[in-house]
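> Could you have a look at this structure, given as structure tokens, before my questions?
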Amino acid sequence: MSPGTRLEQYTLKRPSEVLLVTARTADGDDQVAIFRGFSSSLMRPTAYDPDVPVLPPDAEILSIDRLQGPYDPANPVYLQQGLSWGEMQELLINLGL
């Protein structure tokens, strides 16, 4: 399972959370919001087809912020900031993902 899919699954199990993922892809840096199993790029167009991954499998995840959902960019409520992919993987493993 790709990192993006695992993060989407995480938000399905934790529907009150939003993940803001900063990643580096072949197309450059991107910031992706993941909420209730869906991903959306905040910096570039997102494909209409949900089967097209927003985070490609080879994306390098630079950091992940956990926020209380729903996400309000004017008033974000952070639960944790600046998690590494390794730190996030521990949370995913604890949820069986």
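> Applying the selection to region 21-33, what residues are among the β-branched types (Val, Ile, Thr) and modelled with pLDDT of 95 or more?
So the first thing to find is which residues in region 21-33 are among the β-branched types (Val, Ile, Thr), and the list is 21-22, 25, 32.
Matches in region 21-33: VAL21, THR22, VAL32.
> If you don't mind, another one. Condition (residue is touching a Gly at 6+ places or on another chain (Cβ under 6 Å), modelled with pLDDT of 95 or more and not acidic (Asp, Glu)) applied to region 49-56: is it met by at least one residue? Walk me through how you get there before you give the answer.
If we filter region 49-56 for residues that are touching a Gly at 6+ places or on another chain (Cβ under 6 Å), which is where we start, we get 53, 55.
Keeping just the survivors that are modelled with pLDDT of 95 or more gives none.
Within region 49-56 (the criterion being touching a Gly at 6+ places or on another chain (Cβ under 6 Å), modelled with pLDDT of 95 or more and not acidic (Asp, Glu)), the answer is no, since none of the residues qualifies.
> List, please: which pairs have Cβ atoms under 7 Å, are six or more places apart or on different chains, and start with a residue in region 74-97 that is more than 15 Å from ARG14 (Cα to Cα) and end with one that is open to solvent by 80 Å² or more (accessible area, probe 1.4 Å)?
Correct list of pairs: VAL77/GLN68.
> Among the strands (runs of 3 or more DSSP E) contained in the chain, which hold 1 or more residues that are surrounded by fewer than 16 Cβ atoms within 10 Å (Cβ to Cβ) and more than 12 Å from the chain's Cα centre (by Cα)? Let's see the steps before the verdict.
Numbers: elements: 17-25, 28-35, 38-41, 60-68, 78-83.
It comes to 17-25, 28-35, 60-68, 78-83.
> Right, another one. Identify, by number, the condition in (1) closer than 22 Å to LEU79 by Cα; (2) modelled with pLDDT of 95 or more; (3) of a type outside the set (S, T, N, Q) that GLY37 doesn't meet.
Condition (2) is where GLY37 drops out.
The values are calculated or read from the model by the stated rules, or taken from the named source; none is laboratory data. Owing to the predicted nature of the structure, the values given are computational and were not obtained by experimental measurement. Glycine also receives a Cβ, built like all others from the backbone with ideal geometry; neighbour counts cover every protein chain displayed. The accessibility values were calculated without ligands, DNA or RNA, using every heavy atom of the protein model including side chains. Shrake-Rupley method; radii C 1.70, N 1.55, O 1.52, S 1.80 Å.
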